[in-house]
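Accompanying notes for the structure given below.
The values are calculated or read from the model by the stated rules, or taken from the named source; none is laboratory data. This one's a predicted model, so the numbers in the text were calculated from it and none came from an experiment. Here the Cβ positions follow ideal geometry from the backbone for every residue, glycine too, while neighbour counts run over all protein chains shown. Quick note on the areas: whole protein, heavy atoms, side chains included, nothing else; ligands and nucleic acids left out. Shrake-Rupley method; radii C 1.70, N 1.55, O 1.52, S 1.80 Å.
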Amino acid sequence: QEQLVESGGGLVQPGGSLRLSCAASGMIFSRRTWGWYRQGLGKQRELIAYVGNIPIYVDSFVKGRFVLSRDNAKNMVYLAMSDLKPEDTGVYYCHTPPEWAIQWGQGTQVTVSS
């Protein structure tokens, strides 16, 4: 079955770093575009970055701080986050288009607080 599993979140102080991972199974990973989404508490889930061949950073707030990458051999997509800010707090999800076709994973919680 198709499955998405996010990991790597945690509690960090402002200015800290985390690397999120997304493991995909049950699909041809290398043929797909992959995106990272964030859902803040009480907010809508939003796309922050995606990668086909090259990464595109949709959210200007993360530009220069987050690095999106993928490893087709491992069926993994990553989000390396640095200089974290309280505004980055939320549940992070990975997904691939079309969004309606595959069940969302549980996400991984990122909390930035002093």
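Points worth noting:
- The residues of the chain present an accessible area of 55 Å² per residue when probed at 1.4 Å with all protein chains retained.
- Inter-centroid distance (Cα atoms) of segment 1-76 relative to segment 77-113, Å: 6
- Candidates per trypsin sites (Lys or Arg not before Pro) in segment 1-60, loop by DSSP, up to 15 other Cβ within 10 Å: LYS43
- Inter-label distance for ALA73 and GLU46, nm, one decimal - labels placed 7 Å from Cα along Cα-to-Cβ: 3.7
- Distant alpha-carbon pairs in segment 1-92 (separation over 19 angstrom), percent: 38
- Debye-sum result for segment 59-114 in log10 I(q)/I(0), which assumes one identical scatterer on each alpha carbon, at q = 0.18, 0.27, 0.30, 0.31 Å⁻¹: -0.77, -1.24, -1.27, -1.28
- Max mean-square fluctuation residue, GNM over the chain, Cα-Cα springs under 10 Å, options ILE56, ILE48, ILE28: ILE28
- Projected label distance in nm at SER82 and ILE54, using a 7 Å step from Cα toward the beta-carbon: 2.0
- Local net charge near ASN53, Cβ-Cβ under 15 Å (Lys/Arg +1, Asp/Glu -1): +2
- GLN106-SER25 pseudo-label distance in nm [points 7 Å out on the Cα-to-Cβ vector]: 1.4
- Counting protein heavy atoms only, the chain has 49 percent of its accessible area on carbon and sulfur, 1.4 angstrom probe.
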